[in-house]
Structure formats: C-alpha cells, structure tokens
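Here the structure comes first, spelled out in structure tokens, and everything after it is commentary.
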Amino acid sequence: MSNPSSRVGTVFLVGAGPGDPDLLTLRAARLVMNARVLVHDGLVDPAILAMAPKGCRMISVAKQRSRHTMRQEEINALLVREALAGNDVVRLKGGDPFVFGRGGEEAEDCFAAGVPVQVVPGVSAAMGAAASAMIPLTHRESASIVSFVAGQCKGLTDQNWAGLAGVGRTLVIYMGVATADAIAEKLMADGLAPDMPVAVIENAARPQMRVLRGALAGLGSLVSDNKVKSPALIVIGEVAGRGDMMELKQVLEACQ
Ligand code: SAH
C-alpha cells in the first residue's frame, strides 16, 4: 500500500450500539454511510454493516471467546497500516468503544504511530439492555450505584467485587454467561443474599431478545437451563426484581 501523498488517514473508533441501527448516533451513521474502509468486530449487527456504501472495503476481525480470528495486536497494526496508507478507517465496535471494547488499546497504538484518532461513543449494552428489558439501572427506591464488570477475564476469582453488589446497588456483568455459576458463588461468598434478584438479557435491542429473571442462587441454572448464548448481560440487584414493566408495556401496546 503506497502512499504517494503521504496523507495520514484518521481512525474513527465508532460505537455501533447494541444492535438496532436506530440506536446509532447520527455521527456514527454518517461515518458508516460514507466509509471507504470499515473494520468491524462480530457484535456489529448485519443491518448496520448493510448501511456502508457500495465499494466500501469491509474487513471483519470477529472474535469469539475461544477463537480469535485476529489477535488484538494485529488489529491495531491493521488500523495503523491503513491510516498510514492514507485511508480514513471506520473501526466499528459493538456498544461503546471504551466500555470493554479494547478501544483504548487501539487508540494508544494509533497515537504511538502518529495516526489521529476520533472516538464516537455508542449505546453500551448495559443501557441498551436496560431500555429494552425495562429494567432501570438506577431507581430512587432501589439503586443509586451502578457498576459494570467483566465476567470473563483472567482470574475471575481473584477480582475484588466486594461492595459492588448488594442492597441499593446494581451490578451489570458483561461477558458473564460462561461463568454465571462461578459469578453467583463468588458474590454469595462475598455475602450477597441468595435471593437477590437477577436478570439475564440475551440479544438486547434485537428482535430475538430474551429476558430471564430469577434469584442469585439460581443464576447458573437460569443460564444453562435456558441455553443462554452470548451476547447476554447479567443484571444483579433490586432493580431486577421490581415489577415486570416489560409485561405491562406489552399489554399496553397490545391495547393500542
Ligand atoms: N463495547 C461493548 C461491550 C463488548 S464486550 C458495549 O459497550 O456494549 C461483549 C459483551 O457485551 C457481551 O459478552 C455481552 O455481555 C455484552 N453485549 C453486547 N451486545 C449485547 C446485546 N445486544 N445484548 C446483551 N449483551 C450484549
């Protein structure tokens, strides 16, 4: 890839939200619709990818928990290479690029190579799931603290989550499906009540969304009995046990 003009392209780290294209920001939509080089991961909904113009070069760097098609360093190097070749790059990520999105690593490597970066925030899965499942993350009667944690990372048991969950708090767990059982054990060992309400939201903000509710002690079986698959979020706290507003919403919508 020669770059006779020695123009350096910009890397746009763009949040694609939780799925529904309507949840893109206007800036994200504009960038996708004008993209010439688009690098995306596996969580980006096909309907959003379909918004890219004809002739746009689409590069998938889809990752799955146990299978990395491209290592993170290779993705960073790809972004740098494209930008140094003079191309603006739209790097589309599910949710928000700076929430469990490795956007920080990509930005650091770009800056280190002299490549300008712009970040376009997106609706992170926690917000998308809360809205679609009608589970407020805060509520004056139930929670005034919200924490986001990663349930699948090195040394889950060594992580200190003490104080993040409990009465008056909401804990949102990303990437927690595979370790749901261990997560429940860990939280109960930290003193959380076994009957603390939990909700599992699979495919939030997508037509095939499922919302499952239960109690902390049964979280592992809630996930395994229902064969919950990624992407799914786990919400732990009193907010998950408040009246089922989703049901009320559906009843009202059916009456209209
Ligand atoms: N940057 C993303 C998170 C990437 S980590 C964001 O801000 O949303 C990937 C995890 O996000 C998944 O394992 C899942 O826990 C969660 N996730 C992403 N999209 C989701 C969706 N539509 N429904 C439920 N969870 C989702």
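The values are calculated or read from the model by the stated rules, or taken from the named source; none is laboratory data. These numbers come from a predicted model, not from an experiment. Cβ atoms come from the backbone with ideal geometry, glycine included; neighbour counts cover every protein chain shown.
Inside the range 220-236, residues that are charged (D, E, K, R) and part of a strand (DSSP E or B) make up a count of 0. Of everything in the range 139-164, what is outside any strand (DSSP E or B), of a type outside the set (Asp, Glu) and surrounded by fewer than 16 Cβ atoms within 10 Å (Cβ to Cβ)? Give them in sequence order. Within the range 139-164, ARG140, CYS153, LYS154, GLY155, THR157, GLN159, ASN160, ALA162, GLY163 meet the criteria. So, in the range 81-113, exactly how many residues are part of a helix (DSSP H, G or I) and free of Cβ contacts under 8 Å to residues at least 40 places away in the same chain? Result for the range 81-113: 6.
Here the range 93-152 is the region considered, the condition is being of a type in the set (D, E, K, R) and near the ligand (Cβ under 8 Å from one of its atoms), and the residue that is nearest to the chain's Cα centre (by Cα) is ASP96.
Candidates VAL211, VAL198: the one that is within 16 Å of the ligand (Cβ to nearest atom), more than 15 Å from SER132 (Cα to Cα) and modelled with pLDDT of 95 or more is VAL198. ARG7: at pLDDT below 95 and farther than 26 Å from ALA232 by Cα, yes or no? So ARG7 fits the description; yes. Out of everything in the range 183-219 that is of a type in the set (Asp, Glu) and not in a loop (DSSP other than H, G, I, E, B), what residue ends up being farthest from ASP45 (Cα to Cα)? Only one residue fits best here, namely GLU185.
Counting the residues of the range 169-198 that are in contact (Cβ under 8 Å) with a residue 60 or more places away in the chain and either closer than 19 Å to LEU156 by Cβ or surrounded by fewer than 24 Cβ atoms within 10 Å (Cβ to Cβ) (or both) gives 7.
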